[in-house]
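Provided herewith is a single structure, encoded as C-alpha cells, for subsequent inquiry.
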Amino acid sequence: MTGTGETVPAIRPDYPEPLWIQAVNLIRGEIDSGVLKPGMRLPPERELCTQLNISRVTLRKALGKLVDDRVLSSSHGRGWYVSSASVGKEWPNSLESFSETAARMALTASSTVLRAQSAPATLDEAEELSIAPGTPLFHLERIRRLNDVPIAIDATRLPLSLAPDLVDTDFSEASLYERLAAAGVQPARADAIIEARGADAAIAKALGVEVAAPVLMMRQLVLDADDRPLFVSSITYAGDRYRLRTYFSRSRS
C-alpha cells in the first residue's frame, strides 16, 4: 500500500464481505498501524487496483466511503491523502493561537509565509482598528499547517507600533501571539464571524483542495482587556479540517 513493493493483505473474492468493504478495511488497517500516516498520499489508483486486485469502480467506492468517514481526503488531479490527525478534533471556543492549539492537540505547527510587510492603513482598515488612516500596519499572511498538512490561510493586520520588531521576525516557525506577548500586548477576546464559501483557485492551491470545495472563512477582530482593537484576522480553513466547538445557554426571565 505504501508503493514500496511490500506485500499487502489479499482481498478475497470468496469472502462474504463485498470487495469494496474489504478494501475499506484494508486501507483503514494500514492507517491504524501507522504504515499510512496523516498527510501521506496514497499510490495512484491504477497501482492500488493492481495491488488489491480490484477494479477501479470498486476502488473508488471504497475511497469514497473513506472520504465520507473523514479518513481520507481527495484533491482533483493530485490524488488521495490520509486526512490530517486534526480532523475530528475540535477547536476551542476560547481565544488561543494556532501554535497553542497545535500544542494542545500534540501536533506540530508550521507556516509558509506569503506576506510579511508594512503598508499604510486604508480608510476601512483605520476605521476597523480605530487608528488614523495612513498608520503603518504590519500585514502577515501565512499558510498554516499541522503535521505538515495545510489547515488554513491566515491573513492578519495590526498596527506596527504594537511590536515594531515584527518585520524582522521569521514567522515560518514563530508565533505571533508570543511576539506580541513579548512586546507587552495581551489579546483578551475576539469578535468573530464564520461563513461557508467555495474555494477559489488560489485558496484551493494553497490548501490542496479542489476549486469550489467548501471552506470556512472566519473574520476576527481581536481586542485587549479594555476593548481596544489590536488586530484583524481573516482565516480560511479547509472545510474538512476544521470543527469549532462552542456552547449555547438559554437565558431565564
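Bins of 5 Å, beginning at zero and ending with the bin holding the largest distance: percent of Cα pairs per bin for segment 109-164, please.
Percent of pairs per bin, in order: 5, 21, 23, 18, 14, 11, 6, 2.
Classify segment 156-253 from the C-alpha gyration tensor, please: rounded if a/c falls under 1.5, else prolate or oblate depending on whether a/b exceeds b/c.
Details: a/c = 2.54, a/b = 1.15, b/c = 2.21.
Note, shape of segment 156-253 comes out oblate.
May I pose another question? So what's the projected area for the chain, the Cα convex hull averaged over all directions, in nm²? Before the final figure, lay out each step's value.
On the way: hull surface 72.9 nm².
Averaged projected hull area, Cα only: 18.2 nm².
Toward the positive end of the charge dipole of the chain, about the Cα centre and with charges on Cβ (Lys, Arg +1; Asp, Glu -1), which of Ser172, Trp20, Ala106 goes farthest?
About the Cα centre, the residue reaching furthest to the positive side is Trp20.
Throughout, read-outs are computed from the coordinates displayed, never taken from laboratory work. Keep in mind that this is a model prediction, so the values were computed, not measured. With ideal geometry, Cβ positions are generated from the backbone for all residues, glycine too; neighbour counts draw on all protein chains shown.
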